[in-house]
Each structure stands twice: as C-alpha cells, then as structure tokens.
Number of protein chains: 2
Amino acid sequence: MPVTLQDIAAQAGVSKMTVSKVLNGQPGISEATRARVLTTAQKLGYRANAAARTLATGRSDTLGVLVPSLGTQYVSEVVRGADHAATALGLDLLISTTQERPGREGHNVSRLSGGLVDALLIVLPYALHDYAPALLDASLPVVVVGNESPGQPLALVDTDHMAGARLAAGHLLDLGHRRIAFVTGRPDVQASAERLRGYGEALRGAGLPVDERLIVDGDYTQPGGFHATRTLLARLDAGGLPLPTAVFAANDVSAFGVIEALRDHGLRVPGDVSVIGFDDIPQASQVHPPLTTVRQPLPEMGEVAARMLIARLRGGPAPPPRTVLPPTLVLRASTAPRRPH
Amino acid sequence: MPVTLQDIAAQAGVSKMTVSKVLNGQPGISEATRARVLTTAQKLGYRANAAARTLATGRSDTLGVLVPSLGTQYVSEVVRGADHAATALGLDLLISTTQERPGREGHNVSRLSGGLVDALLIVLPYALHDYAPALLDASLPVVVVGNESPGQPLALVDTDHMAGARLAAGHLLDLGHRRIAFVTGRPDVQASAERLRGYGEALRGAGLPVDERLIVDGDYTQPGGFHATRTLLARLDAGGLPLPTAVFAANDVSAFGVIEALRDHGLRVPGDVSVIGFDDIPQASQVHPPLTTVRQPLPEMGEVAARMLIARLRGGPAPPPRTVLPPTLVLRASTAPRRPH
DNA sequence: ATGAAAGCGCTAACAT
DNA sequence: ATGTTAGCGCTTTCAT
C-alpha cells in the first residue's frame, strides 16, 4: 500500500497541508517541523502520486514525445536533444511509440493529451503520419520535428534543407567541379524539393547554369539512385555530352546507389567522379569510400522544439509555424578535387 | 478547456454517472440514452482524463519502460516486443530514458511508480545500472530485461547465454574444428561467464578437453579482442603449440578485433581461421567477411517480460526470478569448414 | 435504468 | 507557522 501525505501527517503529528508545503519546498514552515516531516517521509518511503498531483494542479510537468519507432538514429538523437532541454528546465519526458501501426497515432495522442502530459513533441522522421485528426481537439501545445504534417498546420522544426544543399553543392564547387549532377528524392516530399532548390541556387550563385539534363529523378532509395544514375549516363551518352565530374544525391541511401552505378560504368569514386549525400546515416561512415555528406542537427532540433513547448507552457508565445536549423558538412572520402576525365 | 464528464452530462441531460457507464460500456443503460451520450461525447471531442481515472481506479493500465537510451538495436527490439504484448493485452506503454545520466534512474523510477504506471519493465542492455535503491520501496511488479541487477534481486528475463555459446561452439565443431579458442568478455559480467561455460560444455560434449591455453581474456571491446588474440598467438608460438583453427569471441565487437589481429598475423578469415561472435549487432552483417554470430531473441524477451508483468497485474503469480530464452545461430561468412594449416 | 454521495491523493485559497 | 475547506475528474457503492 503506497504511502500518502496523510500517513506522513499522522506520523509526524501535523496536518496534510504542512507536509505538502514541506515536500514542495514552500516557505512558512519552521525548521523543526520541516526536518521532522522530511525524516518521516524518508522513513516511510514516500513517493508522490503523480496522478493526484496532476489532477490537483492541472499540470503534469511532463512533455510527451510521440515517435513512430525506436532504433533509428534520427529518433534517438532528436529525443536526446529534447530530453536535455526538458531536464534542464525541470520537466520530464514521456515517450510513446506508434510502432508504425496506423491508428496508433490517434490513440496515443488521445491518451497523452488526456492529462498525462502538458505538451506534445511529435517526431516524424520520414513518412507523413496521420496524427492530424486526433490533434484537432488536443488542446495542448504541439510541435512537430521533421516533416510537414498534412492538413493540420502544426508548428514545425526542421533542418534547413536548402542551406544543406547549398553546402553540399558549394563543397563540390570549391573542389573545382563544374558539371554537377543531382539525383532527386521523392517529389512529394517537401525536403526533396528544397534540396533541389538549394542545389540550383548554389550553381547560379557560382555563375553556372542549371542544366536540366544533369538532374535525374531518384526516390530516396538505393535502387532509385542506381537507376537514376544509369538513366543520366545513358542520356548524356546519347546526346554526346560530357559526363559530370560530381554527383549530389538527395540522400545518403540513394548516394550508395549512385556510387554502385558509377562503378558499374567503369568510373572510380572519387577519382573520376565525386559523390556527396545528405543525412549522414550511420552507414555513411562505414561504406567504401566513406561518404561525404550533410548532417542534420538532430539533437538541436529536439532541443529547440522542447524549449519552444516549455516556453509556451510558461506563458510564452506560441511556437512559430516554421523553424529551420542549419545542417553541417561532413567531409569524408567520396569527394575529391576535380580531375578532368 | 478540456471537456469533462460533467459537460457531456449537462448537454445530454443525464447524470455524470450515466455518462461514465456509457463510456465504459457498462450494462444497465437504455439504448436511447447510450446513443445520445455517445453522440454528445463525440461532438464535444471528449477525451478521458487519465490522471483522474488513475486516481479513482488505482490503475493506469499502463506499463512503464525504463531504458538507458534510445537508438540501440537492443533497446528498440526489446521495446518493440513489449509493445506488441502490451497492445495485444490492452495496456499502453510509456517509455522513459535515463540518457545514461547517473541519478536519473532513481528519479524516473520514483516518478513512474507514483501512479503513472502499474508495472515496470527495466531494460539493461549493458551496464549494471543503479535502479536498486529507488526500487526498494517501489511497490509495483518489476521485471528486468538483460542484466542481473546488483543487490536487489529482481525478476530477470535474459538470453540463454550458455545455450548460445553451445550453439556457437557446436557450429564450429560441426565444421570440423577441434582447436577452438575462446576470447572472454568482462569477468564481472554474468553473461560472459555463462558464455564461457557454454563453450566448455560444448567441447566436453564432443569429447574434447578444455585447454586453458586456448582461453584468453578480452573485455567485450574491439581492442580487447585484438590484444587477446595477440596474446594467444604469442603464447602458442612460445610453447610451440599449433594455432587454433577457429576462434569464438564472447561478443561481436571483440570478434572484430580478433579478425584484425589474425589478419595482422597473416592469417585469412575464414580461410585459415574461422571466427564466430555473439549478439548479432547491426555491423556484424556489414563487415567483411560478414560475421557468423549468435542472435539474442530480443523482441521475445520484451514480449515475455511484458506478459509476465501483465499476468501479475491480473492476479497471476509473481514473475519467476529468472527466465532465459534461447538464442539462434546466424550463419554468415566468417566461419568455414576446417582446413588444416 | 438512472442518479446521489463519497472519496482516490493532492494542492490552491483562505483562515487562524 | 499551521490548519481547514473545497475541489481537480473520475469511479465506486449504494439508492431509487
């Protein structure tokens, strides 16, 4: 049977209220009483009942985190950042998984928003999940990390994909590359379009034209990158055009496919063609050659999202509709200075 | 402002109690009333307050899961299994991270056990964390997955390390190997000792002596495996003894070190020496050659632990002190039939 | 078939 | 410095 305030009050010979004040560090209690109460609480092994406290205060001092699944670097780093911020600001984190099961989103949102947590941080690493309906009448502050949520306009924290793409293309330009191909991601994903725009901007910024013939459609998958590269090489071949000296793939996974296809074609990476990816997934550092790429600031994204939520709970402004954080270039061995074919 | 039972009752022209009964599917309500209440609840966007319900019932229908951090395969798979079981049995899962920070264990245990959850599932992938003190007076059912917890005797669910080691050694024996070396893990970790025992049993079962000179101390790390192998080779060399034709490393990470050292010595894997690991970490399939190893049944461990806890909550027996689940052999390319040197 | 009363453990607001 | 009262939103028990 759990120990209650009443138990301590009886033991210590004071009222419940006095015990409550002592345990919450409120003023207006004599040192003697305070000490006595603390000792009895300790002795009895008192543990505050979170449900009762939440019910009485209307606050849980807890941030809810909704993730599709555990085990991906994306999720774990975002959560780590959020945990850091929450801990620093005196809140706790409660994580709930949907395990990718459709329908679980709504269920989990309902449960968490029913007094378990004060605000919701939703991590959307890839897919466009369907939290929107349940969120409609969740009257808590919500911030999404990762992807635009369809329908419902929720505050979003994301990587500055355009800046990242500028970084990648800029790196290739710095290495002397002038013919730089781009393998897109999925056209329906916002981030993919932004990465493409960043690529274009970087080229134009360097006074180079954006040659549509150097842009091929991938789909973020390894086979997608492979086939896109094949298509590209065939297209250039047919047109009697020179090969690119560098390829920028919209993500790391498709970059692996790009490298595969280039080798199939007898080209060396980075000897003949440099390749750069985006995301910095764990495998990026383990393939050969280790992949130069752009890293998303995941812990920072979680941290910023958590801070916004907590600020909001403390009377601050509503989280801005869109916050983008700058990614960083991760130099490895798949890019090298241009050497003309 | 959240909608309460009272709001629905007022709108629907009934009492709070009637609404409560309808929402919980209890009998003794006319169809008409039931329908009317359900409609208003829907319309108002009612969402049960978990804190209030927990306080009133004394149950939260939620399982608490304590993990050191996210992002490791170990944790994510165990949680996936636990989630599966919990969902199937009508409970929810709430995950809390300690982010490896000492002291957080106690804090988190206190919070969760204070009415937030009905039972606790602790995932201890590697270190011997310090949950014990806080658990002392947590009056909830607790099961630990992974490692023996120091001091406090808590119900444990783990891999059958000994059976796994027998599997590994048995595989090598099946391939014709007779001189099989063993690189230990950390002596202070129970699992390491069990893996060593399994190795010994397998050899003895095959009528082979256990040669102490073929057993060297590692520490579960890659450098540890590397140095252990060096030591082994030097020792055999000095004694004029033949080299082993196979090495069983107490875990995958140290197996990588073993392979490194063997190659340094001019030996090919698996051409000259076969190497087998334990754990099946993600890298195991990505190194060259892909590592043959033993896989722990992680989702099953989570599932079994969750089921025990839930059974207990429903009046079943206390979880047994120790439950071990059988691992499986994962055949890859680092082992091959014996070819005499 | 429905409702009234009481209480889960805690705290806010107000006495004393 | 301490205690009393009331109530958070829900469910249990017992009436009607």
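The values are calculated or read from the model by the stated rules, or taken from the named source; none is laboratory data. Note that this is a predicted model, so its numbers are computed, not measured. Positions of Cβ are generated from backbone atoms using ideal geometry, with glycine treated the same way; all protein chains shown enter the neighbour counts. All accessible areas refer to the heavy atoms of the entire protein, side chains included, with ligands and DNA or RNA removed. Shrake-Rupley method; radii C 1.70, N 1.55, O 1.52, S 1.80 Å.
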In cubic angstrom per residue, the convex hull of region A:2-93 built on its Cα atoms measures 133
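At 1.4 Å probe radius, can you tell me the per residue accessible area of region A:1-109 in Å²? Each step should come with its number before you reach the end.
Values: 4980 Å² over 109 residues.
Per-residue value: 46 Å².
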Cα-based Rg then Dmax for region B:254-341, in Å, read 18.9, 62
For region B:235-305, the Cα-Cα pair-distance distribution in 10 Å bins from 0, as whole percents, is 19, 44, 23, 10, 4, 0
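Given charges of +1 on the Cβ of Lys and Arg and -1 on the Cβ of Asp and Glu, with all other atoms neutral, how large is the dipole of chain B about its Cα centre, in debye to the nearest 20? Don't jump to the answer; show the numbers that get you there.
Working: 32 positive and 31 negative charges, 164 e Å.
I would put it at about 780 debye.
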Of B:MET308, B:MET17, B:MET162, the most mobile residue in a GNM of chain B (C-alpha springs, cutoff 10 Å) is B:MET17
Between A:LEU325 and residues 5 or more places away or on another chain, the pairs with built amide H atoms under 5 Å apart involve A:ASP158, A:THR159, A:ASP160
Computed over the Cα atoms of region A:5-48, the Rg and Dmax in Å are 8.9, 24
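Taking Cα pairs under 8 Å and at least six residues apart, what relative contact order does region A:161-295 come out at, in percent?
For region A:161-295, the relative contact order is 25 percent.
On average, how much area does the Cα convex hull of chain B cover when viewed from any direction, in nm²?
Values: hull surface 86.1 nm².
Taking a quarter of the hull surface, the average projection is 21.5 nm².
Using only protein heavy atoms and a 1.4 angstrom probe, determine the accessible area buried between A and B, summed over both sides, in Å² to the nearest 100. Show your work: numbers first, answer last.
Working: alone 16090 and 16060 Å², together 28740 Å².
Roughly 3400 Å² of accessible surface disappears when A and B pair.
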In degrees, nearest 10, the alpha-carbon axis of helix B:161-174 is tilted away from the dominant principal axis of the alpha carbons of chain B by 40
Listed residues A:THR293, A:THR54, A:THR18; largest mean-square fluctuation, Gaussian network over chain A with Cα springs below 10 Å, found at A:THR18
As straight-line cross-link partners of B:LYS43, the qualifying lysines (C-alpha separation under 29 Å, not fewer than 8 residues apart within one chain) are B:LYS16, B:LYS21
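Can you give the FRET efficiency for B:GLU100 and A:ARG339, using 1/(1 + (r/R0)^6), R0 = 35 Å, r = Cβ-Cβ distance, to the nearest 0.05? Mind dumping the intermediate values first?
Working: r = 46 Å, r/R0 = 1.31.
My answer for the efficiency is 0.15.
Any chance you could list the semi-axes, whole Å, largest first, of the equivalent ellipsoid that the Cα gyration tensor gives for region A:168-238, using √(5λ)? It would help to have the intermediate numbers written out before the result.
Values: eigenvalues 77, 51, 20 Å².
Semi-axes from the Cα gyration tensor: 20, 16, 10 Å.
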Per the 1/(1 + (r/R0)^6) rule, R0 = 30 Å and r from the Cβ atoms of B:ARG197 and B:ARG235, FRET efficiency to 0.05 is 0.85
In terms of the charge dipole of chain A, which places +1 on Lys and Arg and -1 on Asp and Glu at the beta carbon, the residue among A:PRO223, A:LEU89, A:GLY207 farthest towards the positive end is A:LEU89
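Please give the net charge around B:VAL37, taking every other residue with its beta carbon less than 12 angstrom from that of B:VAL37, where Lys and Arg add +1 and Asp and Glu add -1.
Here the charged neighbours net out to +3.
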Counting other chain Cβ atoms within 10 Å of each Cβ in A:115-126 and taking the mean gives 2
Mean other chain Cβ within 10 Å across B:89-99 is 5
B:HIS288 and B:LEU208 label points (each 7 Å along its Cα→Cβ direction) are spaced in nm at 2.9
Measuring from its Cα centre, the protein assembly as shown shows a charge dipole (+1 at each Lys and Arg Cβ, -1 at each Asp and Glu Cβ) which, in debye to the nearest 20, is 820
Ranked by GNM mean-square fluctuation in chain B (Cα springs under 10 Å), the top entry among B:PRO68, B:PRO141, B:PRO320 is B:PRO320
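Translational diffusion coefficient of region A:112-221 at 37 °C, 0.692 mPa s, Stokes-Einstein with Kirkwood Rh over Cα pairs, in µm²/s as a whole number.
Calculated translational D: 205 µm²/s.
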Note: probe point = Cα of A:LEU325 + 7 Å toward Cβ; backbone nitrogen < 20 Å; residues of region A:80-123 passing the test are A:80-96, A:119-123
Label model pair B:GLN73, A:ALA318: point-to-point distance (7 angstrom along the Cα→beta-carbon line) in nm is 4.5
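Below 8 Å between Cα atoms, with a sequence gap of 6+, how large is the relative contact order for region A:5-48 in percent? If you can, show how the numbers build up before the last one.
Working: 29 pairs, mean separation 16.6, N = 44.
Answer for region A:5-48 is 38 percent.
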Here P(r) for region B:41-82, Cα-Cα distances in 10 Å bins, as whole percents, is 22, 28, 28, 21, 2
homo-copy label distances at A:PRO337 (7 angstrom along Cα-Cβ), nm, one dp, ascending, are 5.4
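Give me the net charge for the shell around B:GLN222: Cβ to Cβ below 12 angstrom, other residues only, Lys and Arg +1, Asp and Glu -1. Walk me through the numbers on the way to the answer.
Values: positive: none; negative: B:ASP219, B:ASP252, B:GLU260.
Value of the local net charge: -3.
Determine the dipole magnitude for region A:5-48: charges of +1 sit on the beta-carbon of Lys and Arg, -1 on that of Asp and Glu, nothing else is charged, the reference point is the Cα centre, and the result goes in debye to the nearest 20.
Dipole magnitude for region A:5-48 comes out near 60 debye.
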Cα-based Rg and Dmax for region B:161-295, in Å, come out at 13.1, 38
homo-copy label distances at B:ARG178 (7 angstrom along Cα-Cβ), nm, one dp, ascending, are 7.0
Rounded to the nearest 0.05, FRET efficiency between B:TYR126 and A:ASP188 (Cβ-Cβ, R0 35 Å) equals 0.30
For region B:172-310, whose charge dipole is built from +1 on Lys and Arg Cβ atoms and -1 on Asp and Glu Cβ atoms, the candidate among B:GLN283, B:HIS265, B:PHE248 with its Cα farthest towards the positive end is B:HIS265
Each residue of A:62-69 has, on average, a number of other protein chain C-beta atoms within 10 Å of its C-beta equal to 2
Of every hundred units of 1.4 Å-probe accessible area on chain B, the number belonging to carbon and sulfur atoms, as a percent, is 55
Sequence order, region B:325-339: Karplus ³J(HN,Hα) from phi using 6.51 cos²θ - 1.76 cosθ + 1.60, θ = phi - 60°, Hz rounded, Gly and Pro as x, gives 10, x, x, 10, 7, 10, 7, 10, 10, 8, 10, 8, x, 5, 10
Helix A:252-264 sits off the longest principal axis of the Cα atoms of chain A, rounded to the nearest 10 on a 0 to 90 degree scale, by 20
The relative contact order of chain A, taking Cα pairs under 8 Å that sit 6 or more residues apart, comes to a percentage of 17
